[in-house]
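Asks: First the structure, then my questions, so here it is.
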Amino acid sequence: MGESWSFLDTVESNFRPLVVIELAKGTKEETIEWFTKRIVDKKANGGAQLLIKPLVMENGVENIYLVGASHLRLLLGAETVGLVKECSDNSMRTFTYSSRKTFKDFADDNHNFLTMAECQYIIKHELENLRAKNENMIPGYPQAKLYPGKSIVRRLLTSGILVQIFPLHDREELKKLRHSWYGRVKVGYQPLDDIRCYFGETIALYFGFLEYFTFALIPMAVIGIPYYVFAWEDYDKYVMFATFNLLWSTVILEVWKRICAILTYRWGTLLMKRQFEEPRPGFHGVLGINPVTGREEPVYSSLKRQLRIYLVSLPFVCLCLYFSLYVMMIYFDLEQWALDYHEENESNFSSLMLYVPSIIYAVVIEIMNRIYRYAAEFLTSWENHRLESSYQNHLILKVLVFNFLNCFASLFYIAFVLFDMKLLRQSLATLLITSQILNQFAESLLPYWLQKRYNRRMKKRMCSQKTDRDLSIAEQVNMEKEMGTYLGTFDDYLELFLQFGYVSLFSCVYPLAAVFAVLNNITEIYSDALKMCRVYKRPFAEPTANIGVWQLAFETMSVISVVTNCILIGMSPQVDALFPDSKMDLVLTVALVEHLLLAIKFIMAFVIPDKPRDIQMKLAKLEFESLEALKQQQMKLAAESLKE
């Protein structure tokens with residue numbers, strides 16, 4: 001592949017803008033000249049060998065640049081990042097430029113062989129891998145130090161010279177996607193393949209999981225309605241429902257692994273090799289040598305990091321958990337006040353007042369979750385993790401622990417300390433419905449309304465100015481650069497995780513939880529689709545083979561649900577009446593049932609394969625062919641050495 005870089009041109013007559021680079025206003029000319037030169041320079045000279053064009057705005061300021069690439073450059077970049085494409089024989093293989101003719105729909109004049117999202121991902125990869133060579137600072141900014149091997153783009157971002165890099169929307173394709181996705185209300189599947197082609201695998205996989213989870217909730221909702229209507233107070237009748245819930249939670253998670261494997265194999269990400277992970281942008285330390293790559297990069301003591309985690313972060317998280325429990329006790333004081341008020345007045349107003357403490361508490365929970373999220377991000381960043389994966393794992397752990405306690409502690413307290421099932425039903429229903437309404441408003445409706453107002457102002461301003469040939473692209477860039485930045489699927493998965501907890505943990509007390517979850521998720525699909533297409537800038541595609549650590553989080557929640565439901569059933573008056581003489585027998589029986597259900601869950605998880613049989617065979621065949629090719633190559637080299 002190395003020989004192919006030499007004949008690439010840095011100019012192309014049909015320039016197609018794919019990515020926008022916004023520099024800070026007042027950026028020095030020598031900095032701009034140096035940075036743009038590195039972008040267009042040949043790979044042999046340490047450049048990215050891309051195309052770049054300044055976009056002159058109405059005020060004449062040139063701080064925005066459009067980046068593209070020639071068709072050949074994108075094909076070579078596809079090989080570099082290890083994209084997997086479908087071959088003519090319907091198998092999935094890693095793309096190589098030398099074997100390009102063997103891939104389905106490939107033609108030298110077919111510029112749609114790579115999707116726009118894949119092209120933008122390739123450009124992002126090349127820009128992020130622009131590295132300093134002999135420079136010891138960014139030209140024009142002596143305080144912005146560089147060293148050999150340092151990512152130039154990351155240094156520009158941390159120095160405030162580079163404001164943002166984002167991929168452009170394709171307005172025609174986006175219009176088609178909007179129409180097929182949420183343009184009309186319909187009962188059917190989402191266009192996941194179209195979503196993947198436009199937004200990439202990570203976002204498509206989230207919407208696939210959201211759709212699958214919604215369909216998986218329907219049996220729970222259908223069974224829960226008659227249980228709610230006809231067996232409200234008969235806890236012994238909930239045994240079958242709770243048992244079904246526990247088996248259901250295991251089956252859906254195992255089946256999802258299979259569906260995920262089918263999707264990611266079709267998209268090619270199941271076969272993509274994991275690339276060597278570079279240090280994250282915020283990582284800092286004393287300059288040293290990486291023993292693996294041999295490159296100079298910051299080095300930070302793992303002992304210092306552990307001290308920060310255990311002496312600062314851990315006590316802070318514990319303090320936040322204590323504060324959450326303190327707020328919970330205030331909520332119970334309000335509940336007691338509302339109950340006393342109702343007993344004194346016995347009116348319609350006093351009946352409504354019974355729900356006010358739960359509503360207030362639900363709002364407070366959402367506020368505390370969001371404030372804690374910022375604190376967790378700051379702490380995790382301060383811990384100075386070298387890799388992005390390590391940073392994400394520590395952040396997710398902090399957020400999950402707090403959100404779990406903050407959202408469910410009151411329910412556990414009501415169930416296992418107060419033994420008040422009526423209050424448990426009321427609190428569960430209020431917390432679930434209130435949190436769903438608040439999330440829909442905060443995450444979709446409010447940002448959409450604000451963005452729509454901005455777009456109207458921008459269109460009026462652009463229409464009042466003289467038009468030229470670049471007005472349409474200038475208008476598009478102006479609108480998109482002011483849009484909010486989509487920060488990833490973290491919050492979306494967290495919302496589903498908490499919803500899964502509300503549905504599974506206390507199913508035998510409030511069977512209608514699944515019904516409200518289904519209704520919320522149906523609207524969530526449309527509101528999230530609207531959010532992606534109309535509210536946020538287009539995010540860069542990120543290849544992924546699964547939902548990552550969230551799979552483990554959901555599985556952990558399903559295990560906890562076994563314990564809670566078994567205890568709730570054991571506490572019911574009907575079950576308690578079966579053991580009038582010995583409470584120890586009751587405890588032992590509940591523990592035995594709980595262990596049996598856990599054993600069934602783990603057996604089912606072991607028996608159900610994570611990948612369908614046909615995909616297992618295809619993966620095994622590819623591995624065999626790779627080993628055979630390597631063997632042939634080694635034999636060829638051995639034969640050549642013998643000749644010499």
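Asks: Got a number for residues in the stretch 97-122 being in contact with a strand residue (DSSP E or B) (Cβ under 6 Å, 6 or more places away or on another chain) and over 30 Å from Glu30 (Cβ atoms)?
Replies: Number of matching residues: 3.
Asks: Count, please, the residues in the stretch 93-115 that happen to be buried (at least 20 other Cβ atoms within 10 Å of the Cβ) and not in a loop (DSSP other than H, G, I, E, B).
Replies: So the count comes out to 0.
Asks: I've got another one for you. Given the condition free of Cβ contacts under 8 Å to residues at least 12 places away in the same chain, part of a helix (DSSP H, G or I) and not β-branched (Val, Ile, Thr), answer yes or no: does some residue in the stretch 151-173 qualify?
Replies: Within the stretch 151-173, one or more residues are free of Cβ contacts under 8 Å to residues at least 12 places away in the same chain, part of a helix (DSSP H, G or I) and not β-branched (Val, Ile, Thr).
Asks: Do you know which of the residues in the stretch 590-620 that are more than 30 Å from Ala242 (Cβ to Cβ) and free of Cβ contacts under 8 Å to residues at least 40 places away in the same chain is least open to solvent (accessible area, probe 1.4 Å)?
Replies: Of everything passing the filter in the stretch 590-620, Ala620 is least open to solvent (accessible area, probe 1.4 Å).
Asks: Can you tell me which residue within the stretch 335-356, out of those that are within 37 Å of the chain's Cα centre (by Cα) and assigned to a helix (DSSP H, G or I), is surrounded by the fewest Cβ atoms within 10 Å (Cβ to Cβ)?
Replies: Selected residue: Val356.
Yes/no matrix, rows are residues, columns are (1) surrounded by fewer than 16 Cβ atoms within 10 Å (Cβ to Cβ); (2) at pLDDT 90 or above; (3) small (Gly, Ala, Ser); (4) within 30 Å of Gly224 (Cβ to Cβ):
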residue	(1), (2), (3), (4)
Ala474	no, no, yes, no
Met479	no, no, no, no
Leu496	no, yes, no, yes
Gly501	no, yes, yes, yes
Phe506	no, no, no, yes
Tyr510	no, no, no, yes
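Asks: Residue check: is Gly183 open to solvent by 50 Å² or more (accessible area, probe 1.4 Å) and among the small types (Gly, Ala, Ser)?
Replies: yes
Asks: Here's a follow-up. If I filter the stretch 262-285 for residues that are at pLDDT 90 or above, in a loop (DSSP other than H, G, I, E, B) and closer than 30 Å to His125 by Cα, do I get at least one hit?
Replies: no
Asks: Checking Asn384 against (1) in a helix (DSSP H, G or I); (2) open to solvent by less than 50 Å² (accessible area, probe 1.4 Å), which test does it fail?
Replies: (1)
Asks: Applying the selection to the stretch 390-434, what residues are surrounded by 21 or more Cβ atoms within 10 Å (Cβ to Cβ), polar (S, T, N, Q) and within 30 Å of Ile309 (Cβ to Cβ)?
Replies: Correct list: Asn403, Asn406, Ser410.
Asks: Here's a check for you: in the stretch 189-246, which residue that is of a type in the set (Ser, Thr, Tyr) and farther than 16 Å from Gln499 by Cα is modelled with the lowest pLDDT?
Replies: Tyr235
Asks: Something else now. Could you grab the pairs with beta carbons closer than 8 Å, sequence gap of 6+ or different chains, first residue in the stretch 120-142 and farther than 16 Å from Phe199 by Cα, second one in a strand (DSSP E or B) and of a type in the set (Gly, Ala, Ser)?
Replies: Glu128/Ser151; Asn129/Ser151; Leu130/Ser151; Arg131/Ser151; Met137/Ala144; Ile138/Ala144
Asks: I'd like to know if the stretch 123-142 contains one or more residues that are over 26 Å from Ala44 (Cβ atoms), open to solvent by less than 40 Å² (accessible area, probe 1.4 Å) and touching a strand residue (DSSP E or B) at 6+ places or on another chain (Cβ under 8 Å).
Replies: No, the stretch 123-142 has no match at all.
Asks: Right, Ile21: modelled with pLDDT of 90 or more and either touching a Cys at 6+ places or on another chain (Cβ under 7 Å) or assigned to a strand (DSSP E or B) (or both) or not?
Replies: yes
The values are calculated or read from the model by the stated rules, or taken from the named source; none is laboratory data. All figures in this text were calculated on a predicted structure; none of them were measured in a lab. All Cβ positions, glycine included, derive from the backbone under ideal geometry; neighbour counts span all protein chains shown. Areas reflect the complete protein model, heavy atoms only, side chains present, ligands, DNA and RNA absent. Shrake-Rupley method; radii C 1.70, N 1.55, O 1.52, S 1.80 Å.
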